[in-house]
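Read through the structure below, which is laid out as structure tokens, and then see the notes.
Nothing in this text is a laboratory measurement; each read-out follows from the coordinates by a stated rule. Quantities reported herein were computed from a predicted structural model and do not represent experimental measurements. Neighbour counts are summed over all protein chains in view; Cβ atoms, including those assigned to glycine, are modelled from backbone coordinates with ideal geometry.
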Amino acid sequence: MAKCIVCAAMGMDTEVDEQKAVQEGRTVEYQGRTYYLDSMEHFNMFKEDPERYLKMAQEKGWAA
């Protein structure tokens, strides 16, 4: 299972079923890495400003 980067940015530890995320179109390719999002809302948020969420997640201890 993957972790949702937007949830991580908000300090939550939410696991994402990768296969389901792919089927539902909730994945983003960014800088050579695939991110799996737990909802379409988080998918849209991350696509709009990926650097913001990556920085916020790293500040909360999320390791890429």
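Quick look at the values:
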quantity	calculated
Label point distance in nm, residue 49-residue 2, each placed 7 Å from Cα along Cα→Cβ	2.2 nm
Relative contact order (percent, whole number), the chain, Cα cutoff 8 Å, 6+ residue spacing	40 percent
Amide hydrogen neighbours beyond the local backbone of residue 2, cut-off 5 Å, H modeled	16, 18
Pairwise label distance in nanometres, residue 33 with residue 17, each label 7 Å out on the Cα-Cβ vector	2.5 nm
Charge tally in the Cβ shell below 12 Å around residue 13, where Lys, Arg are +1 and Asp, Glu are -1, residue 13 excluded	0
Residues with amide H under 5 Å from that of residue 30, placed H, sequence gap 5 or more	35
Diffusion coefficient, µm² s⁻¹, Stokes-Einstein with Kirkwood Rh over alpha-carbon pairs of the chain at 37 °C and 0.692 mPa s	290 µm²/s
Using alpha-carbon coordinates, inclination of helix 50-59 to the longest axis of the chain, degrees	50 degrees
